[in-house]
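Participant: Below you'll find the structure I mean.
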Amino acid sequence: MKMNISDSEMIVMRAIWTLEQASVDQIACQIAASNDWSVATIKTLLGRLVKKEMLTTTKSGRKFIYTPTMSECQAVGLMGQELLDKVCAQKHVNILVNLIDDAMLTAENLQLISEALAAKTPACHVNCDCLEKFSACTCDHDHATEDMEIMETV
């Protein structure tokens, strides 16, 4: 499954993940005011999320109850993988380093990261997987500083 959702749809999803399942009214109470959205806007976003199979609906009286089809952790995992799929494999390390630098992490979080790194089997070599239509790959050159600056602007 692909996580092809907009920033606005993500706000709706985060509200539903927090509530575990919710009606339009419950969602609106959580996000409408802070985003200056009408109930109609929220209903439109919910309809899109149902079409994208991110939500299911059940009827409860006269209301629909929206339930996520995956957990927030599963969705975040998919988004992370999609981000890595969008850039050359040789640039993955830059993304990971920038994410760690930018994240607010507790000592426990850092311990989890350290354990994950210790358990990771290193690759002998990471091949460039840039688009074939380019005659030269910029990944073969040492542009670590430039790459980091570019990632910071993204």
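The values are calculated or read from the model by the stated rules, or taken from the named source; none is laboratory data. These figures come from a predicted structure and were not determined experimentally. Here the Cβ is made from the backbone with ideal geometry for all residues, glycine too, and neighbour counts use every protein chain on show. All accessible areas refer to the heavy atoms of the entire protein, side chains included, with ligands and DNA or RNA removed. Shrake-Rupley method; radii C 1.70, N 1.55, O 1.52, S 1.80 Å.
Participant: Looking at the range 30-40, can you tell me whether even one residue there is in contact (Cβ under 8 Å) with a residue 40 or more places away in the chain and not hydrophobic (A, V, I, L, M, F, W, C)? Steps first, answer last, please.
Facilitator: The initial filter retains those residues of the range 30-40 that are in contact (Cβ under 8 Å) with a residue 40 or more places away in the chain, namely none.
Scanning the range 30-40 turns up no residue that is in contact (Cβ under 8 Å) with a residue 40 or more places away in the chain and not hydrophobic (A, V, I, L, M, F, W, C).
Participant: Something else now. Is there any pair with a first residue in the range 45-65 that is at positive phi and surrounded by fewer than 17 Cβ atoms within 10 Å (Cβ to Cβ) and a second that is β-branched (Val, Ile, Thr) and outside any helix (DSSP H, G or I) whose Cβ atoms are under 7 Å apart and which are 6 or more apart or on different chains, and what are they?
Facilitator: Pairs found: Glu53/Thr69.
Participant: Of everything in the range 12-28, what is open to solvent by less than 20 Å² (accessible area, probe 1.4 Å), under 10 Å from Glu72 (Cα atoms) and among the β-branched types (Val, Ile, Thr)? Give them in sequence order.
Facilitator: Ile16
Participant: State whether one or more residues within the range 111-122 are at pLDDT 95 or above, open to solvent by 70 Å² or more (accessible area, probe 1.4 Å) and under 22 Å from Ile11 (Cβ atoms).
Facilitator: no
Participant: Go over the candidates Glu149, Glu108 one by one and state the one that is at pLDDT 95 or above and either open to solvent by less than 70 Å² (accessible area, probe 1.4 Å) or out of contact with any Pro (no Cβ under 9 Å at 6 or more places or on another chain) (or both). Give the steps one after another, and end with the answer.
Facilitator: Values: Glu149 fails: at pLDDT 95 or above.
Going through Glu149, Glu108 in turn, just one is at pLDDT 95 or above and either open to solvent by less than 70 Å² (accessible area, probe 1.4 Å) or out of contact with any Pro (no Cβ under 9 Å at 6 or more places or on another chain) (or both): Glu108.
Participant: Quick check, is Glu72 under 15 Å from Glu9 (Cβ atoms) and surrounded by fewer than 14 Cβ atoms within 10 Å (Cβ to Cβ)?
Facilitator: Values: under 15 Å from Glu9 (Cβ atoms): yes; surrounded by fewer than 14 Cβ atoms within 10 Å (Cβ to Cβ): yes.
In short, yes.
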